[in-house]
Amino acid sequence: MKKSWVISTCLTIVLIFSSILATWKPIAEELKLGLDLQGGFEILYEVQDPYEGRGIEKEKLVKQTASIMRDRINLLGISEPIIQVEDEERIRVQLPGVQDQNEARDILSIGGNITIRDTDNDLILSSEEFSSIKIVEVPGGAPPQVTMEFREDVDMQRITEKYMGETLVLWLDYVKGESYSASHPNVIFDGPVSMTWSYDGVALSSDFTNEEANKLAKVLSTGDLPAPIEEIYSRSVGSQLGEKALNNTMLSCGIAILLIFLYMVWNYRYLGMISVLCMVSYLYLTFAIFLFLEGVFTLTGLAAFILGLGMAVDASILTFERLREIKRRGASFETLVMEASNRSFTTIGDAQVTTAIAACGLFIFGVGAVKGFAVMLFISIVAGFLTCYALLRLLLYMIGEARIVEWYERRNRKG
């Protein structure tokens, strides 16, 4: 054996394992789980035509609506929300871990065309002229107030003097043709709301509960939606179902991976042990890339991950089988490794490229979970090639240079 190459090989293996052991925990903690694993709520909205007076192209309209939805979700304090634009006019909202679905619905959908109008529906102020929204606690146990302050260029003195003593209406989603006296389904609270005007802004008072005041303040502070949105689909995944699905899935995946490891060691002996190291590197690298891309892990993503592992193992098997076919006397092990790798490269490359093309097609034309499957599949292809072909080739070459195989075979013959 060549001691220098033996030391280099051992250091390389130790470095790989130590890097994985040192960093796997932060990666596992940062991994985001989707609805089907964590539980939560999903809604699919369709964006309608913009409110009157807002000439905006459809693509920009949908993006602006999605941006406002994201701002509102952030105010709810929901961690890791997913908001995706689909089919150019639909917005899919996934809220992992949400407990109060009705509150989430209210915050997302209410507040289109927020305006203050008189009883003839004439516009007085719009949400674009709001500068800040606050909740003010009233002494004596009275319900809280929601205060709206306006921009400096708003002539509050003129407005106050003009509408002194008149009834004004706060609309959360005004549509032309509606009247302030008509019943309206999209309300955050019940009961009349009084407005106390000052030269700084307006204080809204009612029999607000703290929850209602918070909802109203959140809607007003994020601005109004540029167009009505219609809910066309929703589903709820309970946290217990998500936890059960996660436990069952992780158990089945663990068993499958263990069986693959055992098969490789049983069938290829020391070569199988090297392939196990490469597969462990594949598991680590796949999740590291997925985390870098800020992906959300779902059941479909897990299926793509296991499929990618199968392809990665296939690359190792092809290399080992080519190595068995060309094994001959007089040739060094490293020479055989390079020849076997070169012969298997075409087959492995063709399989990886065609699968990558399929993954790209799924990503481009698919929606929702299909896109997630495609992303994980593509990541798995890249990680599998880097570990179970390139890294495997490097380790086998280093083992050949170290003359470990020759030493192992001589020892077996003597035994």
**Report entry** FRET efficiency for ASP71 and GLU294, using Cβ-Cβ distance with R0 set to 22 Å, rounded to 0.05
**Finding:** 0.75
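Can you tell me the length gained on complete extension of the stretch ARG343 to CYS253, counting 0.36 nm per residue apart and subtracting the Cα distance?
Once the chain is fully extended between ARG343 and CYS253, it gains 29.3 nm.
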Report summary line: Going fewest to most other Cβ atoms within 10 Å around each Cβ, TYR233, TYR284, TYR163 line up as TYR233, TYR163, TYR284
Report summary line: For the pair GLU29 and VAL353, the simple spin-label estimate (label points 7 Å beyond Cα toward Cβ) gives in nm 4.3
Query raised in the report: By counting other Cβ atoms within 10 Å of each Cβ, how are PHE378, PHE17, PHE365 ranked from fewest to most?
Result: PHE365, PHE17, PHE378
Requested in this report: May I ask which of LYS63/LYS215; LYS176/LYS218; LYS25/LYS215; LYS25/LYS134 have a Cα-Cα span longer than 31 Å here?
Outcome: LYS25/LYS215; LYS25/LYS134
Report summary line: With R₀ set to 41 angstrom, the calculated FRET efficiency between the beta-carbons of VAL370 and THR209, to the nearest 0.05, is 0.45
Query raised in the report: Tally Lys/Arg at +1 and Asp/Glu at -1 over every other residue whose Cβ is under 9 Å from the Cβ of ILE107; what's the total?
Result: +2
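So if R0 is 56 Å, what FRET efficiency would ASP155 and LYS244 give, r being the distance between their Cβ atoms, rounded to the nearest 0.05? Intermediate values should be presented prior to the final figure.
Working: r = 60 Å, r/R0 = 1.08.
Plugging the Cβ-Cβ distance into 1/(1 + (r/R0)^6) gives 0.40.
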Query - Sorted by Cβ density within 10 Å, fewest first, the residues TRP24, TRP171, TRP266 - result: TRP266, TRP24, TRP171
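Throughout, read-outs are computed from the coordinates displayed, never taken from laboratory work. Since this is a predicted model, take the numbers as computed values, not measurements. Please note: Cβ atoms are built from the backbone with ideal geometry, for glycine as well, and neighbour counts cover all protein chains shown.
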